[in-house]
1. Give me the residue from region B:118-138 that is open to solvent by 30 Å² or more (accessible area, probe 1.4 Å) and closer than 30 Å to B:Pro62 by Cβ and, out of that set, nearest to the chain's Cα centre (by Cα).
2. Within region A:73-94, does at least one residue satisfy the condition of being farther than 20 Å from B:Glu165 by Cα, open to solvent by 60 Å² or more (accessible area, probe 1.4 Å), outside any loop (DSSP other than H, G, I, E, B) and of a type outside the set (Asp, Glu)?
3. Tally up the residues in region A:119-157 that are small (Gly, Ala, Ser), at pLDDT 90 or above and within 29 Å of A:Ile24 (Cα to Cα), please.
4. Keeping to region B:143-173, report how many residues are free of Cβ contacts under 8 Å to residues at least 24 places away in the same chain, open to solvent by less than 80 Å² (accessible area, probe 1.4 Å) and more than 13 Å from chain A (Cβ to nearest Cβ).
5. Can you name the residue in region A:46-72 that is of a type in the set (D, E, K, R), out of contact with any Cys (no Cβ under 9 Å at 6 or more places or on another chain) and in a loop (DSSP other than H, G, I, E, B) and, of all such residues, is nearest to the other protein chains (Cβ to nearest Cβ)?
6. Modelled with pLDDT under 90 and either of a type outside the set (A, V, I, L, M) or touching a Phe, Trp or Tyr at 6+ places or on another chain (Cβ under 9 Å) (or both): is that true of B:Gly120 in this structure?
7. Every residue in region A:136-151 that is in contact with a strand residue (DSSP E or B) (Cβ under 9 Å, 6 or more places away or on another chain) and either of a type outside the set (Asp, Glu) or surrounded by 12 or more Cβ atoms within 10 Å (Cβ to Cβ) (or both), please.
8. Taking only region A:73-95 into account, find how many residues are β-branched (Val, Ile, Thr), within 14 Å of chain B (Cβ to nearest Cβ) and over 20 Å from A:Leu129 (Cβ atoms).
Amino acid sequence: MGRLDALKGFGVTFRTLLTKPVTIGYPEHKTPVYPRFRGRHRLWLHDDGLEKCVGCSLCAAACPADCIRVVAEENTPEHRVSAGERYARIYEINMARCIFCGYCEIACPFDAITLEHSYELSEYTREALIYTKDVLLEPAPKQPPLHSNVPGGPIPPGEA
Amino acid sequence: MGRPARKRRPEGRAGELSDVSTQIEATSPGAVVQEFEDHGELTVEVRADRILEAARALKNGPSQFTLLSGVTCADFPDEPGRFRLAYHLRSVQTGGRVRLRAWAGGLDPQIDSVTSVWPGADWQEREVFDQFGVRFHGHPDLCRILNPLDWDGHPLRRDYPIGGEEVQFTDAV
């Protein structure tokens, strides 16, 4: 190792000082996610307001982390919740155990559950991470941006 | 590089106890159960009820084992003592190393805490308690350190179910 090698190292440092950083300044700047990104789950309704989920538990059976709990109940003429014979009276997902693989979405024969794009899911307690059916039926409160606001950043898929 | 190799500590002649065991036996006769040397590492097994005396002898004695590197535990379900604790000691002054071993017992594993001798044992013993359930007498604050405070069971025990804890849901029925 000669003195010249040390100066070469300083040269690299100096040149790097002059280049533009590629860091994305989260949370002020966010990149939108790819279309098939697997984020927070969502339970869907038909247009007439009936739930798509019939409580068949195929999602719970498919889940590798065993984090979905489904308790089904018969639809009665007075109290009809879903479009089929039965509905999911209790539907819970433990997001702390979920691995976001999307197998529940693949397994569902009724397209009742999909994984949307929301990924900002931090909570202060473990109990708050157990999503119940009312939470899952609603769209996520924190939606990721639709378009990129990263200045001079790469153009996200689907734009331009 | 260009430095001379470290001098090895002279090994004891076959049949004699090492310096470490001799020091322990001097202050606490009958404490040393066995000792052996393997791959250049000396291990001294002491009775669990004499661990505190052994600790004091080794720290304050001529070996000056003032540094406790760590307290670890292993679960041997077939052994009568079941939980085998290991105290790894180092001497900053002499460069010496020794492993102190003690069996903490099966059904209700307990042993004296060595925090009064080496304060650094505090969190180490908490971890052993958290993962194995060994209680340390005289520990200033023996509570779980890795797992949630309301956790049931001791995860590193051999009979802890693999993937066994129930996934938590709400209490709705």
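1. Checked region B:118-138; the qualifying residue nearest to the chain's Cα centre (by Cα) is B:Gln124.
2. Checked against the condition, which is being farther than 20 Å from B:Glu165 by Cα, open to solvent by 60 Å² or more (accessible area, probe 1.4 Å), outside any loop (DSSP other than H, G, I, E, B) and of a type outside the set (Asp, Glu), region A:73-94 yields at least one hit.
3. Residues flagged as small (Gly, Ala, Ser), at pLDDT 90 or above and within 29 Å of A:Ile24 (Cα to Cα) within region A:119-157 amount to 1.
4. Counting residues in region B:143-173 that are free of Cβ contacts under 8 Å to residues at least 24 places away in the same chain, open to solvent by less than 80 Å² (accessible area, probe 1.4 Å) and more than 13 Å from chain A (Cβ to nearest Cβ) gives 6.
5. Here the answer is A:Asp66.
6. It is false that B:Gly120 is modelled with pLDDT under 90 and either of a type outside the set (A, V, I, L, M) or touching a Phe, Trp or Tyr at 6+ places or on another chain (Cβ under 9 Å) (or both).
7. Listed by number, the residues that qualify are A:Leu136, A:Leu137, A:Pro139, A:Ala140.
8. 0
The values are calculated or read from the model by the stated rules, or taken from the named source; none is laboratory data. Since we're looking at a predicted model, the values are computed, not measured. Positions of Cβ are generated from backbone atoms using ideal geometry, with glycine treated the same way; all protein chains shown enter the neighbour counts. The accessibility values were calculated without ligands, DNA or RNA, using every heavy atom of the protein model including side chains. Shrake-Rupley method; radii C 1.70, N 1.55, O 1.52, S 1.80 Å.
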